[in-house]
Amino acid sequence: MSVEIHPTAQIEKGVQLGEGVRIGPFTYIQSGAEIGDNCQIGSSVWISEFVRMGDNNKIAHAAALGGDPQDLKFEGEKTVLRIGDNNDIREYVTMNRGTNASGQSVVGSNNMLMAYCHVAHDCVVGDNIVFANSTNIAGHVLVEDWVIVGGLVPVHQFCRLGAHAMIGAGARVVQDVPPYALLGVDPTGISGINSIGLNRRGFSKERIAAIKKAYRYLFFSTKLQEEAFKLLKQEFPAIPEIEKLVEFVKSSSRGIVKTRNKKTA
């Protein structure tokens, strides 16, 4: 398949373009960038030399990918932004490359980043994620697979968003969000588990019930955390979802976001 480049686009020598790539007007791609097969690059897009992009990505108008980190410690080190396959990156999205801390920023595959989203330096964004308009994640944030974030959500640096979590529009995330959580607003906090999302992704009723009980023990009761861990180990031995949740909570360095109430999950 041939490559289609609009005559007003500027593609420097040394750019690696896969088969079937289409590039719109006034787009600029620096030498050294790597673009996989069948990517569609819209108008007025800027892609730096440090971008390593997979296949079948759609990049909308005026996105800026691979820019320098917005970090006072950055000294021009050679780092990269890695983007997987089948992503839908919409208008005015910005993504920065890494610093010496990790050497890269990573965005996985099958994600949708809506308009005006920002992915900062040294972030790792997994697969099958949705960031609604103006989601802004600061440096060193980890976003696990299947996370959905509502619009206008800022995420503080070094936070983690656990797999299958859903975060309401307008929430302010300053601590770790555990896997499977449903995060509400006013005030921001855990209001339960993302039951609808888990059901849609094929979790059995038994596994969802186990996760709900784990949430009751960990976040919606007066039990001490170590007591809750012990009860979960006794009641749900070798259930991967519970093991993942417990390990996430145990490994949190920023602490877990607060619970909105002490009712049932």
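Points worth noting:
- Residues (under 19 Å from Arg260 (Cβ atoms) and either of a type in the set (Val, Ile, Thr) or buried (at least 21 other Cβ atoms within 10 Å of the Cβ) (or both)) located in region 193-216: Ile193, Asn194, Ile196, Ile211, Ala214, Tyr215
- Within region 76-120, tally of residues that are in a strand (DSSP E or B) and small (Gly, Ala, Ser): 1
- Exactly one residue out of Val153, Val173, Val106 is surrounded by 19 or more Cβ atoms within 10 Å (Cβ to Cβ) and either among the small types (Gly, Ala, Ser) or assigned by TED's automatic domain parsing to the domain that holds Gln70 (or both): that is Val106.
- Screening region 1-41 for residues that are surrounded by 14 or more Cβ atoms within 10 Å (Cβ to Cβ), at positive phi and not polar (S, T, N, Q) and picking the one that is nearest to the chain's Cα centre (by Cα) gives Gly32.
- Flag not set for Phe26, criterion: in contact with a Lys or Arg (Cβ under 6 Å, 6 or more places away or on another chain) and either among the aromatic types (Phe, Trp, Tyr) or more than 18 Å from Tyr92 (Cα to Cα) (or both).
Yes/no matrix, rows are residues, columns are (1) within 24 Å of the chain's Cα centre (by Cα); (2) free of Cβ contacts under 8 Å to residues at least 60 places away in the same chain; (3) farther than 15 Å from Tyr180 by Cα:
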position	(1), (2), (3)
Ala214	no, yes, no
Ser221	no, yes, yes
Leu224	no, yes, yes
Glu227	no, yes, yes
Pro237	no, yes, yes
Pro240	yes, yes, no
Leu245	yes, no, no
Arg254	yes, no, yes
Val257	yes, no, no
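- In this entry, Ala169 is excluded by the filter for residues that are over 18 Å from the mean Cα position of the chain (by Cα) and over 18 Å from Asp145 (Cα atoms).
- When Asn56, Asn87, Asn100 are screened for being out of contact with any Phe, Trp or Tyr (no Cβ under 7 Å at 6 or more places or on another chain), surrounded by 22 or more Cβ atoms within 10 Å (Cβ to Cβ) and not hydrophobic (A, V, I, L, M, F, W, C), only Asn87 passes.
- Residue in region 110-127 that is surrounded by fewer than 18 Cβ atoms within 10 Å (Cβ to Cβ), under 23 Å from His164 (Cβ atoms) and polar (S, T, N, Q) present: yes
- Qualifying residue in region 45-53 (condition: within 23 Å of Val106 (Cα to Cα), touching a Cys at 6+ places or on another chain (Cβ under 9 Å) and either in contact (Cβ under 8 Å) with a residue 12 or more places away in the chain or surrounded by fewer than 17 Cβ atoms within 10 Å (Cβ to Cβ) (or both)): yes
- Test: residue in region 42-57 that is of a type in the set (Gly, Ala, Ser) and modelled with pLDDT under 95: no
- Whether a residue is aromatic (Phe, Trp, Tyr), out of contact with any Ser or Thr (no Cβ under 8 Å at 6 or more places or on another chain) and either at pLDDT 95 or above or not in a strand (DSSP E or B) (or both) was assessed, and Phe158 does not pass this test.
- Residues that are under 19 Å from Tyr116 (Cβ atoms) and free of Cβ contacts under 8 Å to residues at least 40 places away in the same chain, drawn from region 69-88: Leu81, Ile83, Asn87, Asp88
The values are calculated or read from the model by the stated rules, or taken from the named source; none is laboratory data. Computed from a prediction, not measured in an experiment: that's the story for all the values here. Glycine gets a Cβ as well: all are built from the backbone with ideal geometry, and neighbour counts include every protein chain shown.
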